[in-house]
1. Report, in cubic angstrom per residue, the convex hull volume of the C-alpha atoms of the stretch 51-140.
2. State the percentage of accessible surface on the chain attributable to carbon and sulfur atoms; use a 1.4 Å probe and exclude ligands, DNA and RNA.
3. Apply the Karplus parameterisation 6.51 cos²θ - 1.76 cosθ + 1.60, with θ equal to phi minus 60°, to every residue of the stretch 17-23 and state each ³J(HN,Hα) to the nearest whole Hz, in sequence, with x for glycine and proline.
4. Under the Kirkwood approximation applied to all pairs of distinct alpha-carbon atoms, what is the hydrodynamic radius of the chain in Å?
5. In the full protein assembly as shown, how much of Thr30 is accessible to a 1.4 Å probe, in Å² to the nearest 10?
6. Tell me the net charge near Thr30. Cut-off is 13 Å between Cβ atoms, Thr30 excluded, with +1 for each Lys or Arg and -1 for each Asp or Glu.
7. Given the chain, what count of lysine pairs have C-alpha atoms under 26 Å apart, with each pair 8 or more places apart or on different chains?
8. What do you get for Rg/Rh over the stretch 95-160 if you use C-alpha atoms and the Kirkwood form of Rh?
Amino acid sequence: MIRKVTEQDAEAIVGIYNYYVEKTIITFETETVSTAEMRQRIAAISSDYPYHVYEIDGRVAGYCHAAQWKKRSAYHRTAESTVYVDPGLRNRGIGRSLMTQQIELLRQMDIHAVVACISIPNPESIRLHESLGFEKVSHFREVGWKLDIWVDVGDWELLL
């Protein structure tokens, strides 16, 4: 079941997100996020953009949100998408379901372009985004240092 996020989901979201912070190059954050900080992020993002969780048997299995891509006003019809799935529940269609709904909601908001910034390598995320119609539009080499390696980043774009 997909539903709108609430601030009560912060603890479950932190549990998913902090795994990626601590163990992967998928996010460039290097310090874990507290539940209080995540509540603030949820409130700020969900006030303007779609933010949803995927529940299985009452447990948050993944989440997805959009946000303003850049702060300059001319970017107001471009959004950045974010999707994370519980690491034990990947490859079950959760991310696809969340992203499919988010794309439709962004269309309804008259968003013109959706950008996904993906750390490379991340074949699962690349495969998901490309299967939804995103196309790679940039590749930055060695722009992040995490887990003792240089990490590339690419941008994938979907024009709505």
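1. Working: hull volume 9.6 nm³, N = 90.
So the per-residue Cα hull volume is 107 Å³.
2. C and S fraction of accessible area: 48 percent.
3. Along the stretch 17-23, the couplings run 5, 5, 4, 5, 5, 7, 10 Hz.
4. Answer for the chain: a Kirkwood hydrodynamic radius of 16.0 Å.
5. 90
6. Numbers: positive: Lys23, Lys146; negative: Glu22, Glu29, Glu31, Asp148.
With Lys, Arg at +1 and Asp, Glu at -1, the neighbours total -2.
7. Number of lysine pairs found: 9.
8. Details: Rg = 13.1 Å, Rh = 12.7 Å.
The Rg/Rh ratio comes out at 1.04.
The values are calculated or read from the model by the stated rules, or taken from the named source; none is laboratory data. Treat the numbers as computed from the prediction; the structure is a model and nothing was measured. Cβ: placed from backbone, ideal geometry, glycine included. Neighbour counts: every protein chain shown. Side chains included, ligands, DNA and RNA excluded: accessible areas come from the protein's heavy atoms. Shrake-Rupley method; radii C 1.70, N 1.55, O 1.52, S 1.80 Å.
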